[in-house]
1. Just to be sure, is Ser660 more than 16 Å from the ligand (Cβ to nearest atom), polar (S, T, N, Q) and closer than 22 Å to Ala291 by Cα?
2. Restricting to region 615-639, count the residues that are buried (at least 24 other Cβ atoms within 10 Å of the Cβ) and within 16 Å of the ligand (Cβ to nearest atom).
3. Keeping to region 157-178, report how many residues are of a type in the set (D, E, K, R) and open to solvent by less than 80 Å² (accessible area, probe 1.4 Å).
4. Do we find a residue being without any contact (Cβ under 8 Å) to a residue 24 or more places away in the chain, open to solvent by 60 Å² or more (accessible area, probe 1.4 Å) and either closer than 27 Å to Pro294 by Cβ or β-branched (Val, Ile, Thr) (or both) anywhere in region 671-689?
5. Condition first: farther than 16 Å from Val493 by Cβ, hydrophobic (A, V, I, L, M, F, W, C), away from the ligand (no atom under 16 Å from the Cβ) and assigned to a helix (DSSP H, G or I). Can you find one or more residues in region 429-437 that meet it?
6. Determine whether Phe631 is touching a residue at least 60 places away in the same chain (Cβ under 8 Å), part of a strand (DSSP E or B) and closer than 15 Å to Ile534 by Cβ.
7. I'd like the residue in region 271-306 that is part of a loop (DSSP other than H, G, I, E, B) and either more than 16 Å from the ligand (Cβ to nearest atom) or open to solvent by less than 10 Å² (accessible area, probe 1.4 Å) (or both) and, out of all such residues, is modelled with the lowest pLDDT.
8. Go through region 566-614 and report how many residues are β-branched (Val, Ile, Thr), open to solvent by 30 Å² or more (accessible area, probe 1.4 Å) and away from the ligand (no atom under 16 Å from the Cβ).
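The values are calculated or read from the model by the stated rules, or taken from the named source; none is laboratory data. Computed from a prediction, not measured in an experiment: that's the story for all the values here. Reconstructed Cβ throughout: ideal geometry from the backbone, glycine too, with neighbour counts over all protein chains shown. The protein model used for the area step is the full one, side chains on, heavy atoms only, and it has no ligands, DNA or RNA in it. Shrake-Rupley method; radii C 1.70, N 1.55, O 1.52, S 1.80 Å.
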Amino acid sequence: MRLSLRFILPLILVLAGIAYGIAPLVDQLTLRWFIRDLNSRSTAIANAIQEPLLEQLAAGKRAKTEEFFSRITQDERLFAIGYCDSSTGKMLASRSLPAEIHCSDLDRWQLPQGHLLTSIHGPLHVTVRPLASESAPDGQLVLVHDMSFISRRTEETKRYVFYFFMALAGVVSLITVVIAQLSWRGWMAGMRSLLRGEGLLRKPSGGAQAPLPGFKPIARDLQRLIQELESESRARDESQITWTPEALRTILHSELSGEDVIVVSNREPYIHQHHGERIEVSRPASGLVTALEPIMRACSGTWIAHGSGSADKAVVDKNDCIRVPPERPAYQLRRVWLSPEEEAGYYYGFSNEGMWPLCHIAHVRPTFRSSDWAQYVAVNRKFAEAVASEAKTKTPIVLVQDYHFALLPKMIREALPDATIITFWHIPWPNPESFAICPWRNDILAGMLGSSIMGFHTQFHCNNFVDTVDRFIEARVDRESFTVSCGGKLTAVRRYPISIAWPPEADMLRESIPDCRNRIRDLNGLPLDHKVGIGVDRLDYTKGIVERFRAIERLLELNPDWIGRFTFVQVAAPSRSGIDEYQHHETQVRAMATRINGRFENQGPPPIKLRIEHHEPQAVYEYFRAADLCFVSSLHDGMNLVAKEFVAARDDERGVLILSEFTGAARELPEALIVNPYDADQCAAAMHLALTMPATEQRDRMRLMRGLVAEFNVFRWAGRMLLDAASMRRRGRLAEKTERGGM
Ligand code: F6P
């Protein structure tokens, strides 16, 4: 209302000004019209009375003529009339003829348009018309019209013009205000959705999605502008920050001050196991744990995970919590207990026999059982309850990890509608056709879309996810902003390539490279000048260990010089051994190593050393620092942090990384020797190249890769997600404020 008044008042004033401004024009115009009328009227009167007047004059009837004149001037407008005899210079006139008019100076009144005279009677119009006749003397007729009626009419006209403009002002203001209100509302709706981060290009109307007319182009521009500004400032901020735990802590403080950060994953960062009388604590072989552990150390908070260790229950407090890391507690680990049935259905069954092969195109058929699905739903629900009970505020930041918890984001959203939920999918996302075989595909997608941000390692996986949603779910996909709107809730789909801590912990690099080389060779019974390759993986069929062994065999076939001079140490952490496919895989890997070693028996040390056992990170680093090459041959991998760990371990800038093109890491580390793990000849050639690569080339490649990992480390990965979460929360708050302000 105030806004409307602010608009209408100036408009009325402007129009009133215009009305007053044109008043003199109206005066002049009407005067000109009336004079023209009076002139024609005078001519008409002169013509009409000419004949009777001349007759009377010819008859010399002076008195009659004067009476005739008096009769004529009874007309309201004809003020006076007179006749001037040109020969005598005498005037015969009605009594009202103004004194200023004499026969002697009649020429002065003889203008074609008449003459204006201001007399004591008011404004008068004087016209002179010649009269000629054979019977009467020549003379001139003087006609005087009263003009006071003109000013009366002009005043009246001016009044009407003024009223007209005022009415016009009112109508124009009204129409303008109505249009302005309508478009303002549209604008504000658009702005609000923009602030909420919504697509802007369409607005939901009763469930159906309708385009916002007239708003589209400007919305696009605005959105582009905001995105540019955001990415510019993010790029600027990111590149200016040296990403360390301290930097991450500072960001958490400034951007998300006092926020409640909760991480949820299946695998816990510390596992307590009974070893006889003792309880030992170990860190699992998990890329996810490798990445998240430094983050949690930096920002405290709570990590909720499945308590899978035999001594886990023995060490927690009454709330199932324990402070970790054991040597220097920095955050809280909340353990969730699963029954054997739950673990069998949710973890071994649906997660690792269903989702895992479904997402990795590794030619192992996914198995879907409804009993597994039921456990998967139940365990997701159990974790959702744990999140709700651990949340200290109504607006926590929850970092949900991986394919074990596809349903969790939606469940958390139901319990904590204002939580900021960032879900990170650590494994690949397949194309829609591959994903379509999952019987619960829609529930999975809907569950994931409970997230505020859905993160993947690569843009390729983001695209696959968005395509899948577009294909199977009733949701609005905006490919410009890469957002999905489902049931009024917006999810941003973003690429966050995961990484490792940089610099690596000092302890990991304490032992010198020569010491590591000697120790590892000694440990494996190899001569000190022996060439060593290293592979570190969970014993998983997606890692391409079989393909790797095939390539080693091929190397020895193609370059027999390496027989007895090169050994590949495969460190394989036992994994998911409750699943048949994993048991077969282990059998296959063992058999293959035995077969290949048998083939080159008695020709020096064996080509393959298989170490199927858990290794702590320090032992793994020792292998990395001792090796001449590291071979990562995953058949499909979200990122693969082993590749980045190897690079981080080589502060001597030596060693060659051979990397499968089917890992996310291959997109970030092109200086590695990139191979197709299914092509044994190509892999063998890469190994030969690595073993013969000059030190300078090794250094050049390693330097570039180390630079990248240093710059894009795990603190930056987490920082980017948390900064995005922070700006999303700011936008949400701003949108709320806008709504409350009633704009
Ligand atoms: O990094 C992918 C991943 O599947 C993680 O989700 C998981 O923690 C890790 O590999 C190891 O698998 P698991 O926890 O089943 O041993």
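1. Taking the combined requirement at face value, the residue does not satisfy it.
2. Here the count works out to 5.
3. Residues in region 157-178 being of a type in the set (D, E, K, R) and open to solvent by less than 80 Å² (accessible area, probe 1.4 Å): 1 in total.
4. For region 671-689, residues without any contact (Cβ under 8 Å) to a residue 24 or more places away in the chain, open to solvent by 60 Å² or more (accessible area, probe 1.4 Å) and either closer than 27 Å to Pro294 by Cβ or β-branched (Val, Ile, Thr) (or both): present.
5. no
6. yes
7. Ser300
8. Residues that pass the stated criteria total 2.
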